[in-house]
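One structure is given here, and the rest of the page talks about it.
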Amino acid sequence: MSTFRSMLLAGAMAVGFGAAADAAPITGTINFGGTGSYTTTTLTATAVFVFPPATGSFFGLFPAFTPVTWTSPLVFSPSLSPLGQLWSVTHAGNTASFDATSGSGSVSGNFLSITAIGTLKLTGFDDTPGVLLITSQGGTNMNVSFSATSMATPIPEPASLALLGMGLLGLGFAARRRIAA
């Protein structure tokens with residue numbers, strides 16, 4: 001009977017620990033459009049807005065043309081400055097943002113390319129490593145394309161690991177009984 005009690009206690013603990021995980025990493029992409037201008041070292045963006053389609057965790061949360069608060073001007077060469085929150089967008093109680101930890105960019109001819117590495121944040125989700133890509137062709141008063149993508153790697157949740165542990169524990173008890181008999 002004590003074996004049964006031990007298994008029951010282990011099962012209760014596994015369920016209790018598994019229930020603690022309620023947030024998930026952000027997945028998918030959110031895109032922005034807007035206007036702005038750039039030099040060989042600085043981007044000044046204006047009128048930035050959500051541009052469809054959004055995928056993954058962002059899907060359906062931010063309608064097209066929702067205004068985006070953007071850090072401007074943004075120095076990208078020789079390295080990204082300022083670091084910290086580069087953009088945020090809020091709609092119907094949901095807020096998404098991106099905090100840059102590093103990045104740089106370059107201008108080649110009429111083509112602008114900026115890459116920032118940092119953390120994506122979204123209401124109800126875990127902070128998730130992400131990448132912000134900014135591209136444009138033109139120079140003054142041109143269209144700018146912004147895209148933030150998560151780099152989340154799947155991590156097993158505690159409940160799945162607890163279930164695996166319970167299965168291994170059960171196999172161990174079954175083997176022990178077989179040997180004892």
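Data table
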| item | result |
| --- | --- |
| Translational diffusion coefficient (Stokes-Einstein; Kirkwood radius from C-alpha pairs) of the stretch 29-150 at 20 °C, 1.002 mPa s, in µm²/s | 151 |
| Distance (nanometres) between label positions extended 7 Å along Cα→Cβ at THR55 and THR95 | 2.8 |
| Sorted peptide list for 84-93, 26-35, criterion being average Cβ within 10 angstrom, highest first | 26-35, 84-93 |
| In sequence order, calculated HN-Hα J values of the stretch 96-102 (Karplus, 6.51, -1.76, 1.60; Hz; x Gly/Pro) | 10, 7, 9, 9, 7, 10, 6 |
| Residues LEU83, LEU112, LEU164 arranged by fewest to most Cβ contacts within 10 Å | LEU164, LEU83, LEU112 |
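None of the figures in this text is laboratory data; all of them are computed from the coordinates on show. Computed from a predicted model, the values in this text were never measured in an experiment. Virtual Cβ from ideal backbone geometry, glycine too; neighbours counted across all protein chains shown.
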